[in-house]
Amino acid sequence: MGFVDYEEDGYVGIMTINRPQALNALNKDVLKDIEAAFDAVDLSRIRTIILTGAGEKSFVAGADIAAMSTMTKAEGEAFGKFGNDIFRKIETFPIPVIAAVNGFALGGGNELAMSCDIRICSDNAMFGQPEVGLGITPGFGGTQRLARLIGVGKAKEMVYGARNIKADEAYRLGLVNAVYTQEELMPAAKKLAAGIAKNAPIAVRNSKKAMNEGLQVDMDQAIVIEEKVFGDCFETEDQKEGMTAFLEKRKVDNFKNK
Ligand code: CO8
């Protein structure tokens with residue numbers, strides 16, 4: 001599919017952004033292909049997505065600077081909205097999305113990774129929001145998601161200073177959950193994804209929804225979101241099988257996503 005390769009490994013869908021000559025930088029066509037890849041996922045079968053970049057150097061080296069260099073104010077705002085809408089679609093995608101960051105995750109690359117549920121990376125990865133060094137602000141969610149993930153003081157330091165950080169610092173800050181060698185990264189991502197995919201899919205989806213939506217509202221409203229999705233699980237076959245298996249002291253006989 002153009003700039004995004006897609007394959008499946010059991011219940012896991014693997015998307016690889018493939019524009020290595022520009023370190024997988026995001027122009028409009030790459031963004032469109034990412035959106036199309038998500039739109040094409042068969043949610044009746046696939047339970048977790050892994051998003052990575054082609055090659056061993058870069059996840060995504062940002063939005064395409066050449067394409068942005070001549071934009072007007074209106075075009076800049078429209079391009080920001082174009083990317084933001086797609087990243088928001090990823091953030092609210094019904095099933096978990098894991099970013100396997102295999103190198104540079106700069107500007108729009110870091111913003112793309114931050115739209116995913118979980119980030120793991122290779123030891124050569126580098127993260128940052130270098131936009132102010134280019135005369136722009138982060139524009140695909142970086143002014144919003146970075147502070148929510150690592151805290152406002154550290155986020156401001158990175159954004160104002162256009163300071164890139166290496167994998168070990170990203171791990172210390174909680175921007176990534178784990179760091180692997182380049183060779184170990186995809187096996188680790190697949191293991192993580194499979195560990196999610198083996199659980200009751202509707203319960204996993206409902207957990208994502210409750211955590212995402214609950215973080216946007218106050219605790220009184222948040223806890224009601226949890227009560228609703230919790231209750232919904234009791235209408236599923238997988239809840240019956242999960243609890244019956246426990247009571248019968250046997251393993252679950254494959255959750256059905258029903
Ligand atoms: N855009 C376009 N092309 C790029 C980008 C990019 N972001 N990054 C790398 N490339 C291209 C290079 O131009 C080069 O192409 P060519 O071979 O034709 O000259 C090729 O990829 C290889 O890159 P380098 O030769 O530079 O490779 P190095 O290993 O020397 O350096 C770096 C790697 C450090 C990653 C370096 O390429 C770099 O600094 N890239 C830019 C990183 C950056 O600043 N990213 C942020 C961009 S701004 C952004 O993402 C804003 C998002 C929100 C937009 C909202 C719009 C309104």
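The values are calculated or read from the model by the stated rules, or taken from the named source; none is laboratory data. Treat the numbers as computed from the prediction; the structure is a model and nothing was measured. Every residue, glycine as well, gets a Cβ built from its backbone with ideal geometry; the counts of neighbours run over all protein chains shown.
Below, the figures for the structure above:
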quantity: Count of residues meeting criterion [over 22 Å from Arg172 (Cα atoms) and either surrounded by fewer than 20 Cβ atoms within 10 Å (Cβ to Cβ) or touching a strand residue (DSSP E or B) at 6+ places or on another chain (Cβ under 8 Å) (or both)] in the range 135-152; calculated: 5
quantity: Extreme residue, surrounded by the fewest Cβ atoms within 10 Å (Cβ to Cβ), among residues of the range 153-179 that are touching an Asp or Glu at 6+ places or on another chain (Cβ under 8 Å) and of a type in the set (A, V, I, L, M); calculated: Ala162
quantity: Qualifying position, being over 14 Å from the mean Cα position of the chain (by Cα), of a type in the set (S, T, N, Q) and away from the ligand (no atom under 16 Å from the Cβ), among Ser58, Ser69, Ser44; calculated: Ser44
quantity: Residue check, Ile136 more than 12 Å from the ligand (Cβ to nearest atom) and either at pLDDT 95 or above or in a helix (DSSP H, G or I) (or both); calculated: no
quantity: Hey, Asp39 within 16 Å of the ligand (Cβ to nearest atom), surrounded by fewer than 18 Cβ atoms within 10 Å (Cβ to Cβ) and not hydroxyl-bearing (Ser, Thr, Tyr) or not; calculated: no
quantity: Residue that is among the basic types (Lys, Arg) and crowded, with 17+ Cβ neighbours inside 10 Å, where the choices are Lys251, Lys208, Lys198, Lys191; calculated: Lys208
quantity: Hits in the range 172-189 (condition: part of a loop (DSSP other than H, G, I, E, B) and either at negative phi or in contact with a strand residue (DSSP E or B) (Cβ under 7 Å, 6 or more places away or on another chain) (or both)); calculated: Leu175, Val176, Asn177, Thr181
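One line per residue, one yes/no per condition, for (1) among the small types (Gly, Ala, Ser); (2) surrounded by 24 or more Cβ atoms within 10 Å (Cβ to Cβ):
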| residue | (1), (2) |
| --- | --- |
| Thr70 | no, no |
| Lys81 | no, no |
| Ile95 | no, no |
| Ala99 | yes, yes |
| Phe104 | no, yes |
